[in-house]
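Q: Structure in structure tokens, see below.
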Amino acid sequence: MPRRPLLLALAVPLVLAAGWCGFWLWSAGQLETAVARFADQQRARGLTIEYSGPEVGGFPVGLSARFEEPLVAGAEGWRWRGPPVGGRAKVWSPFTIEADFPGLHRVTWRPEPQAPEAEVEAEAADAAAWVRLRRDGRVDQGAVALQDLAVRSALVGSGTAESLVGRYGPLRQDATAAGPALDMALEGSGVTLPEAIETPLGRRIESATLEATLVGEVPPGAPKQALARWRDAGGKLEVARLETVWGPLRLKAEGTASLDDRFRPIGAFQARVQGLSETLDAFARAGLLDSGAVFAAKLALAALGGGADGLQVPVTLQDGRLYLGPVPIARISPVL
């Protein structure tokens, strides 16, 4: 074989291999930089972010990273510590990261300045997430899925969930003057509330779904000041879908909500409800609703009729009260 074709035959794979190595190293650097920028952005918002690592591996066809001893803490005094987090990404898409973090998570906080520290432990048999980072480190989209979750706390006892799934993003510019809009969703199934949380509908929630858009960016800072700035700038929550199956209640609703000057929820919804009469009776038996208000609500709602798929009823949150149709039936406390 002539020397020149032989050299070319050897050079081509060597050049391709060197090019791939260079591309992998560039992708690994991009991943490390994006993670570091994300952590720096959270620190700028007042959070403490700590972890050991990452050491990026996975050569030649992927990217992998492992974060040991992760910790997140807020200026208000709460802390989260979790198990090691393992992340993976494709070489050609280093900003889309898949992660696994099964194991024990601990959240601690101090309810009052002089009170002893409270703690909640949560453990999931399977915990997975994916995030899509922008080049500047901001999270564009993300999702988390927890299976067979157990939660324990000395304050309220133990609770479980068969499945919890949350989705976040993308962050986009809203057409209104209120600023950016963030799509989000939360789905839960087979949720059993802790023992200390007794409700008129029982502790078992068969399913719950929320699909909504948060309009207006919540600024950094203490929760009360941050929510006030968000509210005053026109912030609102546009609920496209709210559904739950909880005891006798079958609820489907959509509407818009925000906060008033006392941080009480305000808003208007259209709801389709099954089991409303039984639900009102359960709240009355628990002493949470006045029997006279329940009777008035039933009279008003009877005029609305209803079919096999339930009763269509307007729900309003205003001046610290919950209205079913025109009838006030319950008081609403501030969120803070």
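Q: Of all residues being farther than 14 Å from GLY275 by Cβ and among the charged types (D, E, K, R) in segment 250-260, which is modelled with the highest pLDDT? Just the residue, please.
A: GLU254
Q: With respect to TRP109, is the statement that it is in the same structural domain as GLN30 (by TED's automatic domain parsing) and either among the aromatic types (Phe, Trp, Tyr) or at pLDDT 90 or above (or both) true?
A: Taking the combined requirement at face value, the residue satisfies it.
Q: May I pose another question? Given the structure, is PHE295 more than 30 Å from TRP230 (Cα to Cα) and outside any strand (DSSP E or B)?
A: yes
Q: Right, next: Scan segment 120-139 and give yes if some residue there is part of a strand (DSSP E or B), assigned by TED's automatic domain parsing to the domain that holds ALA253, touching a Gly at 6+ places or on another chain (Cβ under 7 Å) and not acidic (Asp, Glu), otherwise no.
A: Taking every residue of segment 120-139 in turn, none turns out to be part of a strand (DSSP E or B), assigned by TED's automatic domain parsing to the domain that holds ALA253, touching a Gly at 6+ places or on another chain (Cβ under 7 Å) and not acidic (Asp, Glu).
Q: Additional query: Looking at ARG138 and the list (1) free of Cβ contacts under 8 Å to residues at least 60 places away in the same chain; (2) in contact with a helix residue (DSSP H, G or I) (Cβ under 7 Å, 6 or more places away or on another chain); (3) among the basic types (Lys, Arg), which single condition is not satisfied?
A: (1)
Q: Just to be sure I understand, how many residues within segment 119-160 are β-branched (Val, Ile, Thr) and more than 26 Å from ALA34 (Cα to Cα)?
A: 4
Q: Would you confirm whether or not segment 237-249 contains a residue that is within 27 Å of GLU123 (Cβ to Cβ), among the charged types (D, E, K, R), surrounded by fewer than 17 Cβ atoms within 10 Å (Cβ to Cβ) and modelled with pLDDT of 90 or more?
A: Checked segment 237-249: no residue is within 27 Å of GLU123 (Cβ to Cβ), among the charged types (D, E, K, R), surrounded by fewer than 17 Cβ atoms within 10 Å (Cβ to Cβ) and modelled with pLDDT of 90 or more.
Matching residues to (1) of a type in the set (Lys, Arg); (2) on the phi > 0 side of the Ramachandran plot; (3) exposed (fewer than 15 other Cβ atoms within 10 Å of the Cβ):
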| site | (1), (2), (3) |
| --- | --- |
| VAL273 | no, no, no |
| LEU280 | no, no, no |
| ALA286 | no, no, yes |
| LEU289 | no, no, no |
| ALA293 | no, no, no |
| ALA296 | no, no, no |
| VAL313 | no, no, no |
| ASP319 | no, yes, yes |
| PRO328 | no, no, no |
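Q: List the number of the failed condition for GLY142; all other conditions in (1) surrounded by fewer than 16 Cβ atoms within 10 Å (Cβ to Cβ); (2) touching a strand residue (DSSP E or B) at 6+ places or on another chain (Cβ under 7 Å); (3) among the small types (Gly, Ala, Ser); (4) under 29 Å from ILE205 (Cβ atoms) hold.
A: Of everything listed in (1) surrounded by fewer than 16 Cβ atoms within 10 Å (Cβ to Cβ); (2) touching a strand residue (DSSP E or B) at 6+ places or on another chain (Cβ under 7 Å); (3) among the small types (Gly, Ala, Ser); (4) under 29 Å from ILE205 (Cβ atoms), GLY142 misses just condition (1).
The values are calculated or read from the model by the stated rules, or taken from the named source; none is laboratory data. Bear in mind the structure is a predicted one, so any value in this text is a computation, not a measurement. So basically every Cβ, Gly included, is an ideal-geometry build from the backbone, and we count neighbours across all protein chains shown.
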